[in-house]
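> Once you've had a glance at the structure underneath, I'll fire off some questions.
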Amino acid sequence: MSRETILTPCRETAFRLPARTLVLLGFCALLLGGCSSLGERGPSTSSSATVLPQTADPSLRKALDLALAQRGRPYRNGGDTPAGFDCSGLVSYAYGNAGYTLPRSASDQFNATRRVPKGKLEVGDLVFFKLRGSRISHVGIFLGGDKFLHAPSSGKRVEVARMSDPYWHKRYVGAGRVDAPAGSTFASLR
């Protein structure tokens with residue numbers, strides 16, 4: 001292997017680096033650049049976190065697919081579009097675009113859904129939390145097992161969290177089932 005040198009200008013002076021060193025530095029820069037992009041996830045279009053049963057209501061499937069596609073979107077207080085979501089805005093966006101009728105705030109969504117015991121949760125049920133004080137102030141979409149999707153808080157992105165995480169477990173207050181859209185053949189099944 002030849003030890004060819006390449007002149008690289010640096011302000012008014014020049015210095016010599018072996019070509020092999022430059023190639024190695026370039027390779028390292030590419031690797032580090034690739035690693036740094038892992039922390040900033042963009043919006044996800046995959047819904048691989050949840051597999052719905054084949055008999056699931058197509059409206060529910062659509063709501064979940066819409067919600068899951070928002071993973072990685074930024075949190076925005078009052079947001080209810082892909083430009084940014086707050087927790088109840090994410091729920092309103094996904095369910096509203098799938099034909100469901102839900103109010104906008106987490107506490108109103110709690111009041112508009114049928115109570116479901118924690119042991120009877122189904123994929124697509126809404127899970128509610130009290131973050132501060134005595135009123136319901138946070139909502140997420142149950143994905144099955146121990147997972148739920150939500151828009152957490154300022155500076156964060158739509159993400160999947162675990163119900164058993166001590167923070168969420170302590171603040172959990174209940175769950176609600178969203179009634180199927182009017183005219184759905186699945187209205188009596190949920």
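The values are calculated or read from the model by the stated rules, or taken from the named source; none is laboratory data. Only a predicted model underlies this, so the values are computations on that prediction, with no experimental measurement involved. So basically every Cβ, Gly included, is an ideal-geometry build from the backbone, and we count neighbours across all protein chains shown.
> Here are some residues: Arg157, Arg135, Arg115. Which one is in the same structural domain as Ala67 (by TED's automatic domain parsing), among the basic types (Lys, Arg) and under 21 Å from the mean Cα position of the chain (by Cα)?
Details: Arg135 fails: under 21 Å from the mean Cα position of the chain (by Cα); Arg115 fails: under 21 Å from the mean Cα position of the chain (by Cα).
The match here is Arg157.
> In segment 98-152, what count of residues is obtained for those that are surrounded by fewer than 17 Cβ atoms within 10 Å (Cβ to Cβ) and hydroxyl-bearing (Ser, Thr, Tyr)?
Qualifying residue count, segment 98-152: 3.
> I need a count of the residues in segment 99-147 that are assigned to a loop (DSSP other than H, G, I, E, B) and of a type in the set (Phe, Trp, Tyr).
Filtering segment 99-147 down to residues assigned to a loop (DSSP other than H, G, I, E, B) leaves 99-105, 113, 117, 121-125, 130-137, 145-146.
Pick out the ones that are also of a type in the set (Phe, Trp, Tyr) and you get 100.
The number of residues fulfilling the criteria is 1.
> Is it the case that segment 167-175 has a residue that's within 28 Å of Pro58 (Cβ to Cβ) and either surrounded by fewer than 21 Cβ atoms within 10 Å (Cβ to Cβ) or at pLDDT below 95 (or both)? Working first, answer last.
Keep residues of segment 167-175 that are within 28 Å of Pro58 (Cβ to Cβ), which gives 174-175.
Remaining after also requiring either surrounded by fewer than 21 Cβ atoms within 10 Å (Cβ to Cβ) or at pLDDT below 95 (or both): 174.
Yes: one or more hits.
> Which pairs have Cβ atoms under 7 Å, sit 6 or more apart or on different chains, and link a residue in segment 89-112 that is within 12 Å of Ile136 (Cβ to Cβ) to one that is among the polar types (S, T, N, Q) and surrounded by fewer than 21 Cβ atoms within 10 Å (Cβ to Cβ)?
Hits for this filter: Ala106/Ser137.
> Additional query: Testing Arg73 on (1) buried (at least 21 other Cβ atoms within 10 Å of the Cβ); (2) in contact with a Ser or Thr (Cβ under 9 Å, 6 or more places away or on another chain); (3) within 19 Å of Leu60 (Cβ to Cβ); (4) not hydrophobic (A, V, I, L, M, F, W, C), one condition comes back false. Which one is that?
Every condition holds for Arg73 apart from (3).
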